[in-house]
Amino acid sequence: MSNQLPRIAVITLGGTIASVPDSSGNDAVPKMTAEALFDGVPQARKLATLAPYSFRQYPSGDLSLKDILELAGLIEDMAQAENIDGVVITQGTDTLEETSFLLDLLLTTDLPVVLTGAMRNPGLPGADGPANLLGAVQVATNPQSRGLGPVVVFNDEIHLPRFVRKMHSASTAAFSSPNAGPIGWINEGRVRIPLRPATRTRALPRELISTSRLPRVALLKLGLDAEEALIGLVLQDGFDGIVIETFGGGHVPRQLMPSLTAAADKIPVVFASRTGAGEVYESTYGFPGSEKDLLSRGLLSSGILDGLKSRLLLTLLLATGGVRDEISQRFQDFLS
Ligand code: ASP
């Protein structure tokens, strides 16, 4: 490969980065091809041979777990075929924090896998898609990115899926990792990754997942006067698991405890924090509905994962036959 450019598969899933507005600049819909995306970044073609793969043309809220399982299979097949050196995925930003985490839980390949998108569509002044795509190609062609697992590259920052969140509805700096910060950045085209994680996410056995019956995990966010009835309704409807976004470090109103305890006797119930950052507590408070009360009644800690990521992890653990102790351990894994 010495004089050859690295070969990067660019898999497009739609989103703002691929959205074409009408002549007045409005009503953008995701319909650009990968080739049209490349036209905006001639610099990327100097770094790599870009191989387009149009996978979906969706607003990212329409993507499903099944789509991402298929995408993971496609990436592993490409890696096995040994004719690519890395993968860039472009998609909508609305669910990027979830799809990147799913890929993190599913992929075993050491190839660089980089996800990106855009906040401003190509018809708007200051469209950020081309810069983000170039950044993604720069990271995907960098040898330091091998073995990291999937990363999100946005606004010249490199984020780990386990931490990254979309935290603004419009800013081109919409992505951050509140618990850890970015692990690296790009400056003048140079990729810096000074904060390589101590451990890579342990992939789950994808071959055990049957897409004909994926587990259903409810995500409930608490507010003042939270309705106890909701928990009963989720159970009645046959959900396989619950993630509850609790107050602060893992606290629920005391009146929820009977139904949460009953739910945890039947299905895994994981508690996360609704604050969006920080770990849930284990041993600080002892009031009814405190983190100690939740743990003593069989609820499981999400550790550092937020509600969205906890829901995906619990879904895949249930899909791969995970039982209580393993489920608990997998959440703890993200603390190291
Ligand atoms: N606003 C979204 C985006 O940034 C739309 C989507 O997620 O597809 O791409």
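The values are calculated or read from the model by the stated rules, or taken from the named source; none is laboratory data. Remember, it's a predicted structure, so these values are computed and weren't measured experimentally. Counting neighbours? That spans all protein chains shown, and the Cβs are built from the backbone with ideal geometry, glycine included.
Listing for the model above:
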| quantity | calculated |
| --- | --- |
| Qualifying residues in region 1-36 (those that are touching a residue at least 60 places away in the same chain (Cβ under 8 Å) and among the small types (Gly, Ala, Ser)) - the one farthest from the ligand (Cβ to nearest atom) | Ala9 |
| Condition check for Ile327: surrounded by fewer than 19 Cβ atoms within 10 Å (Cβ to Cβ) and touching a helix residue (DSSP H, G or I) at 6+ places or on another chain (Cβ under 9 Å) | yes |
| For Asp128: the one exception among (1) within 11 Å of the ligand (Cβ to nearest atom); (2) among the acidic types (Asp, Glu); (3) touching a residue at least 60 places away in the same chain (Cβ under 8 Å) | (3) |
| Count - residues of region 127-145 that are more than 14 Å from Ile17 (Cβ to Cβ) and not polar (S, T, N, Q) | 3 |
| The listed residue being charged (D, E, K, R) and without any contact (Cβ under 8 Å) to a residue 40 or more places away in the chain, out of Arg192, Arg200 | Arg192 |
| Residues that are over 17 Å from Gly248 (Cβ atoms) and either modelled with pLDDT under 95 or assigned to a helix (DSSP H, G or I) (or both), drawn from region 215-233 | Glu227, Glu228, Ala229, Leu230, Ile231, Gly232, Leu233 |
| Subset of region 69-106 that is among the acidic types (Asp, Glu) and more than 16 Å from the ligand (Cβ to nearest atom) - its residue that is surrounded by the fewest Cβ atoms within 10 Å (Cβ to Cβ) | Glu82 |
| Residue match in region 172-181 (condition: closer than 27 Å to Thr320 by Cβ, away from the ligand (no atom under 15 Å from the Cβ) and in contact with an Asp or Glu (Cβ under 9 Å, 6 or more places away or on another chain)) | yes |
| Looking only at region 186-217, and only at residues there that are touching a Lys or Arg at 6+ places or on another chain (Cβ under 7 Å) and within 23 Å of Leu335 (Cα to Cα), the one that is surrounded by the most Cβ atoms within 10 Å (Cβ to Cβ) | Val217 |
| Identity of the residue in region 121-148, out of contact with any strand residue (DSSP E or B) (no Cβ under 8 Å at 6 or more places or on another chain) and under 15 Å from Trp185 (Cβ atoms), that ends up surrounded by the most Cβ atoms within 10 Å (Cβ to Cβ) | Leu148 |
| Among (1) surrounded by 24 or more Cβ atoms within 10 Å (Cβ to Cβ); (2) not in a loop (DSSP other than H, G, I, E, B) - the single one Ala118 does not satisfy | (2) |
| Single unsatisfied condition, Val153 versus (1) assigned to a helix (DSSP H, G or I); (2) within 16 Å of the ligand (Cβ to nearest atom); (3) not acidic (Asp, Glu) | (1) |
| Yes/no for Lys46 being more than 25 Å from Arg200 (Cβ to Cβ) and at pLDDT 95 or above | yes |
| Candidates Phe287, Phe247, filtered to the one that is aromatic (Phe, Trp, Tyr), at pLDDT 95 or above and surrounded by fewer than 16 Cβ atoms within 10 Å (Cβ to Cβ) | Phe287 |
| Those residues of region 19-48 which are hydroxyl-bearing (Ser, Thr, Tyr) and surrounded by 14 or more Cβ atoms within 10 Å (Cβ to Cβ), in sequence order | Ser19 |
| Single residue of region 37-62 satisfying the filter (in contact with a Leu (Cβ under 9 Å, 6 or more places away or on another chain) and part of a helix (DSSP H, G or I)) that is farthest from the ligand (Cβ to nearest atom) | Lys46 |
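Here's the yes/no breakdown for (1) within 22 Å of Pro205 (Cα to Cα); (2) in contact with a helix residue (DSSP H, G or I) (Cβ under 6 Å, 6 or more places away or on another chain); (3) part of a loop (DSSP other than H, G, I, E, B):
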{"position": "Ile244", "(1), (2), (3)": "no, no, no"}
{"position": "Thr275", "(1), (2), (3)": "no, no, yes"}
{"position": "Gly289", "(1), (2), (3)": "no, yes, yes"}
{"position": "Leu313", "(1), (2), (3)": "yes, no, no"}
